[in-house]
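**Student:** Just dropping this structure here.
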Amino acid sequence: MKTNIALIGFMGTGKTAVGKALSEKLNKEFVEMDALIEQKAKKPIPDIFQQDGEVTFRELEINIAKDVAQRKNLVIACGGGIVLNKINIDRLRKESIIVYLTASPEVILRRVSGGKEIRPLLDVADPTSEIRELLKFRKPFYEQAADVQIDTSKLTITSTAEQIIDKLKENESLNF
Ligand code: S3P
């Protein structure tokens, strides 16, 4: 029986907010991989990208994913690029049901523009076309990894969490 839920999907699809709500509803510990990466690197993600490069960031992400994948009873918010290295999903799948959150490019742009958080990959002249390009490339990877898929474009955080729970109840490999 799998005891973790791993949330995957593009930036701005709600992995962190929904993950927190879900962890409270299911009484599981919430962990955010980006925060663990920042702790390990002792610097914020934009600084890792800027000073050390994306390859170093992805190596850190692989190491953190390996640790987290071995733990139990978690709700895990993965970084948007977790699917870029297949080993991450292979490892996570052993203990985790993989829930794929989606949103339209317009909603993604609105959500990532709202907060104070800087997303290095979208810190470019034309973020709208960057989102479309990245989504086009990544979509098959997300889809291949997903056990369950939910479009969050028109949903609140709470209703997304509730829909996930409903879908998971149908999935016998998860132990509540
Ligand atoms: C990334 C998404 C970010 C963060 C990093 C790279 C990506 O996480 O891991 O900036 O490649 O999509 P969020 O999806 O939580 O914003």
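**Student:** Mind counting the residues in segment 45-71 that are within 19 Å of S96 (Cα to Cα), acidic (D, E) and within 12 Å of the ligand (Cβ to nearest atom)?
**Tutor:** 1
**Student:** Go through the residues of segment 34-44 one by one and say whether even a single one is within 16 Å of the ligand (Cβ to nearest atom), among the polar types (S, T, N, Q) and either closer than 21 Å to D147 by Cβ or at pLDDT below 95 (or both).
**Tutor:** no
**Student:** Test R138 against the stated conditions and say whether it is open to solvent by 70 Å² or more (accessible area, probe 1.4 Å) and either modelled with pLDDT of 95 or more or not in a helix (DSSP H, G or I) (or both).
**Tutor:** Considered against the rule, which asks whether it is open to solvent by 70 Å² or more (accessible area, probe 1.4 Å) and either modelled with pLDDT of 95 or more or not in a helix (DSSP H, G or I) (or both), R138 comes out as no.
**Student:** Can you tell me which residues in segment 84-98 are surrounded by 22 or more Cβ atoms within 10 Å (Cβ to Cβ), closer than 11 Å to V68 by Cα and away from the ligand (no atom under 14 Å from the Cβ)?
**Tutor:** If the condition is that a residue be surrounded by 22 or more Cβ atoms within 10 Å (Cβ to Cβ), closer than 11 Å to V68 by Cα and away from the ligand (no atom under 14 Å from the Cβ), then L92, S96 are the ones that fit.
**Student:** Residues to consider are A77, A65, A145; find the one that is among the aliphatic types (A, V, I, L, M) and more than 23 Å from P46 (Cα to Cα).
**Tutor:** A145
**Student:** I'm trying to understand the selection: among the residues of segment 53-82, which are of a type outside the set (K, R), open to solvent by 70 Å² or more (accessible area, probe 1.4 Å) and on the phi < 0 side of the Ramachandran plot?
**Tutor:** Result: E54, V55, E59, N63, D67, Q70.
**Student:** Here's another thing I want to ask about it. Pick out, from segment 1-70, the helices (runs of 4 or more DSSP H) lying fully within it that include 3 or more residues that are more than 25 Å from E170 (Cβ to Cβ).
**Tutor:** 33-41, 54-69
The values are calculated or read from the model by the stated rules, or taken from the named source; none is laboratory data. Please read all numbers here as calculations on a predicted model, not as lab measurements. Here Cβ is always computed from backbone atoms with ideal geometry, including for glycine, and neighbour counts include all displayed protein chains. These accessible areas exclude ligands, DNA and RNA; they are computed on the full protein's heavy atoms, side chains included. Shrake-Rupley method; radii C 1.70, N 1.55, O 1.52, S 1.80 Å.
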